[in-house]
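Here is the structure we will look at, set down as structure tokens.
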Amino acid sequence: MFRFEKEQKIVDAGGIKLGGQPGELPTALTATIFYIGHKIVSDKKQGIFDKEKAEHLINRMDELSDMTTNPFILDVVGTSVQAFESYIDFIAKVTNAPIQIDAISPRLRREAIKWASEAGLSKRLVNNSIYRGVKEKELENLKACGVKASIVLCDNPADESTQGKLDVLPGILEMADQAGIEGALIDTAMPSWGIGIGAGLRSIYLIKEMYGDRGAVGTGIGNVSDTLGWVKGNFPKDIKKAVDASQNAILPMIGADWIMFGPIEFAEFVFPAVAVVDTYILTATAELGTRPAIEGMHPLFKLVG
């Protein structure tokens, strides 16, 4: 459980390192900002938002990252090129974190990435995402724009089992290679709440064991959190936060290198939960000879001191 036989690749995603054997690096955390319904956005088409509140949220991410050493990525949701220009330009000035392009359509994703690359931000970009069915021109655009990191989504609508995910992954990795992607963030495509979540979880471990030399592995539980109505309907908000924190915290225990945890507001309880679990993992793997890949860069040194 705590060490994979397959060589584990450490990848660069927009300027942060993630992957490797359990314990080598802190879990990377991806937060979504400017998402549909985000209260700080007043005009989603033009990309008008409350800059003071946005800066506060992003600064808090930087503070939490400094407190724990867990790096982060900002998943930026936009509905127009104009909105992406507004969001990305702002983020680039406020933080050095990677910027993940999360567009509502392939065309918009291409245009947003092209604009960001022309603005000199190619090295900070993470594409969301390459998946079965992505067209040739999108792969060509990624390569032409010099984007080196991307989510590689092993989603298989025809077969949501673990084997179904494993069946489509080799072909999607080939597409990533074609696009010039060097930092693959393999996503096990966690579905909505239901029995399918087991496959999303089990796939993390199996993909690390089989394809850990090709990229970092993780997933996002946003679909689960949004559709887990039982907790929302029966317990106070604080309990829901505890449930969301625990759902994220179990993922590194099964091998996840990165987690897309949902709205940026969740950072306040996700960072400490994951940092504590990361400390458990390194203290366990130290007995196997694992050491941090970057000296001093692990929650262990912050939490135990």
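Each reported figure results from applying straightforward, stated rules to the coordinates on display, with no laboratory input. These numbers were taken from a predicted model, which means no experiment stands behind them. So basically every Cβ, Gly included, is an ideal-geometry build from the backbone, and we count neighbours across all protein chains shown.
Points to keep in mind about this one:
- Point-charge dipole on Cβ atoms (K/R +1, D/E -1) for the chain, about Cα centre, debye to 20: 360 debye
- Listed residues 11, 169, 158: farthest to the positive end of the dipole of region 10-303 (Cβ charges): 158
- GNM flexibility winner over the chain from 188, 27, 283 (Cα, springs under 10 Å): 283
- Placing pseudo-labels 7 Å out from each Cα toward the beta carbon at residue 6 and residue 82 gives an inter-label distance of 4.5 nm.
- Gain upon complete extension [residue 53, residue 265; 0.36 nm per residue less C-alpha separation]: 75.2 nm
- Region 10-24 - phi-based ³J(HN,Hα) in whole Hz, Karplus 6.51/-1.76/1.60, Gly and Pro as x: 9, 10, 9, 10, x, x, 10, 9, 8, x, x, 6, x, x, 6
- Rg [Å, one decimal], Dmax [Å, integer] - region 234-300, C-alpha atoms: 13.6, 45
- For the options 228, 282, 166, a Gaussian network treatment of the chain with springs between C-alpha atoms closer than 10 Å singles out 228 as fluctuating the most.
- Whole-angstrom gap from region 273-303 to region 51-116, using each part's C-alpha centre: 28 Å
- Relative contact order of the chain, defined on C-alpha pairs under 8 angstrom at six or more residues apart (%): 25 percent
- Unsatisfied cross-links (Cα-Cα over 32 Å) in the set 51/114; 143/240; 6/148; 148/240; 9/39: 143/240; 148/240; 9/39
- Under 18 Å from a label point set 7 Å out along the Cα-to-Cβ vector of residue 209, the amide N atoms of region 153-192 belong to 161-170, 188.
- Highest-MSF residue in the chain out of 17, 39, 240 [GNM, Cα springs under 10 Å]: 39
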